[in-house]
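The values are calculated or read from the model by the stated rules, or taken from the named source; none is laboratory data. Not measured: the values here are computed from a predicted model. As a convention, Cβ positions derive from the backbone with ideal geometry for all residues, glycine included, and neighbour counts pool all protein chains shown. Each accessible area value is taken on the protein alone, full model and side chains, heavy atoms only, with ligands, DNA and RNA left out. Shrake-Rupley method; radii C 1.70, N 1.55, O 1.52, S 1.80 Å.
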Number of protein chains: 2
Amino acid sequence: MQFNLKEAIEILERTPQTLDYFLSGLSEDWLLCNEGQGTWNVTEVIGHLIDAEKYNWIPRLEIILQKGENTPFPPFNRFSHLNDDLKMSMQQKLFVFKSVRKQNLIKLKELITDEVQLKLTGQHPEFGSVSARELLSTWVVHDLTHMAQIVRVMAERYREDVGEWSNYLGILKKI
Amino acid sequence: MQFNLKEAIEILERTPQTLDYFLSGLSEDWLLCNEGQGTWNVTEVIGHLIDAEKYNWIPRLEIILQKGENTPFPPFNRFSHLNDDLKMSMQQKLFVFKSVRKQNLIKLKELITDEVQLKLTGQHPEFGSVSARELLSTWVVHDLTHMAQIVRVMAERYREDVGEWSNYLGILKKI
């Protein structure tokens with residue numbers, strides 16, 4: 001096991017600003033392209049990251065710390081952001097993401113004051129007993145997976161344009 | 001075809017600063033982890049991006065514009081950065097990457113003054129005739145593919161730590 005709270009926070013505190021720097025001011029063609037019907041564009045991915053900040057990580061951590069396995073996590077709707085997607089501009093979303101993440105990291109540091117708390121467990125609605133350590137590791141890898149998704153969605157836009165080079169570009173290989 | 005020089009430059013000019021923001025100050029465990037024997041860590045990926053700036057994109061564009069298909073591109077050694085990998089710190093590499101990219105974008109704008117130049121072609125040593133448009137599209141997707149690689153390498157570090165959540169995290173799925 002590699003998880004370490006300090007190192008996890010290093011990633012969590014960098015993600016919003018990194019995405020803000022990368023995505024601010026990009027042409028709409030980059031922000032609104034997707035990988036085909038039913039897939040998310042970059043703007044929608046940021047909406048999902050905001051929802052996860054609001055309804056997933058810290059609320060679930062609080063359930064683990066305060067109630068343990070007696071109270072299963074409420075399910076997290078991974079598609080809820082699609083309902084209010086038109087209401088905020090990309091710039092607003094990036095601002096909100098930075099802001100909720102900042103608040104959540106303050107909260108995280110208040111909640112976890114002793115490494116031993118990382119072993120506490122809660123009840124995931126689908127796969128049962130999970131630890132605080134697993135939840136926090138997942139928070140980090142969730143950031144990384146959506147950063148990977150963002151650049152993959154953007155790369156897809158140039159799939160035809162790169163010609164023969166597509167064989168050298170791992171990001172264009174379909175899983 | 002989606003390629004558009006202005007939009008391509010939007011990505012090319014953001015990549016180094018984005019990586020600088022994301023990677024500066026990270027613990028060595030993040031910067032030196034890899035996906036197993038023979039794979040690159042994050043520091044090595046930045047070394048490769050620097051090499052591509054020096055020996056690939058602009059030199060090949062110049063061959064296309066000045067010599068056409070008569071002079072095949074010299075092969076690009078995708079592993080040459082591994083030879084001098086110990087000589088520069090991550091911070092130095094990020095600085096060099098930002099600096100060579102900035103110079104190359106100035107050069108790009110000097111070299112391409114008319115969209116019609118994008119149709120000019122050169123001779124790739126492996127797959128024959130390629131256009132300036134394909135080369136420049138590849139430059140962009142190459143940035144995106146290595147950004148995806150960087151976050152994938154980092155995510156790998158927590159593969160075991162996330163427990164059952166690994167099934168939900170696309171970045172942990174092996175291609």
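Values computed for the structure shown
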| read-out | value |
| --- | --- |
| Trypsin sites (Lys or Arg not before Pro) restricted to DSSP loop in the range B:55-151 with at most 11 other C-beta within 10 Å | B:LYS87 |
| Estimated [θ] at 222 nm from DSSP helical runs (n ≥ 4, -39500 (n - 2.57)) normalised by residues in chain A, nearest 500 | -18000 deg cm²/dmol |
| Average beta-carbon neighbours from other chains, 10 Å sphere, peptide A:149-157 | 6 |
| Residue-normalised accessible area of the range B:5-172, given per residue in Å² at a 1.4 Å probe | 43 Å² |
| Distance between the range B:134-175 and the range A:78-127 - C-alpha centres, whole angstrom | 21 Å |
| Contour minus Cα-Cα distance for B:SER27 and B:THR121 (0.36 nm per residue) | 29.4 nm |
| Inter-copy separations for A:PHE76, label at 7 Å along Cα-Cβ, nm, ascending | 3.7 |
| Carbon + sulfur, % of accessible area of chain A - ligands and nucleic acids excluded, 1.4 Å | 50 percent |
| Max mean-square fluctuation residue, GNM over chain A, Cα-Cα springs under 10 Å, options A:ASN56, A:ASN77, A:ASN41 | A:ASN77 |
| Solvent-accessible area buried by B and A, counting both chains, probe 1.4 angstrom, square angstrom | 5400 Å² |
| Rounded to 10°, Cα long-axis angle of helix B:5-23 versus longest principal axis of chain B | 30 degrees |
| Farthest positive-ward along chain A dipole, Cα basis, beta-carbon charges - from A:LEU5, A:THR145, A:LEU49 | A:LEU5 |
| Accessible surface of A:TRP40 - all protein chains present, 1.4 Å probe, nearest 10 Å² | 30 Å² |
| Stretch gain in nm, segment A:LEU111-A:GLU13, where the contour uses 0.36 nm per residue and the Cα spacing is subtracted | 33.6 nm |
| Shielding by other protein chains, B:131-140, mean Cβ within 10 Å | 5 |
| Nearest-first distances (nm) between copies at A:ASP29, label 7 Å from Cα via Cβ | 4.4 |
| Rounded to 10°, Cα long-axis angle of helix A:42-55 versus longest principal axis of chain A | 10 degrees |
| Number of partner chain Cβ atoms within 10 Å, mean per residue of B:7-15 | 3 |
| Inter-copy separations for B:VAL116, label at 7 Å along Cα-Cβ, nm, ascending | 7.8 |
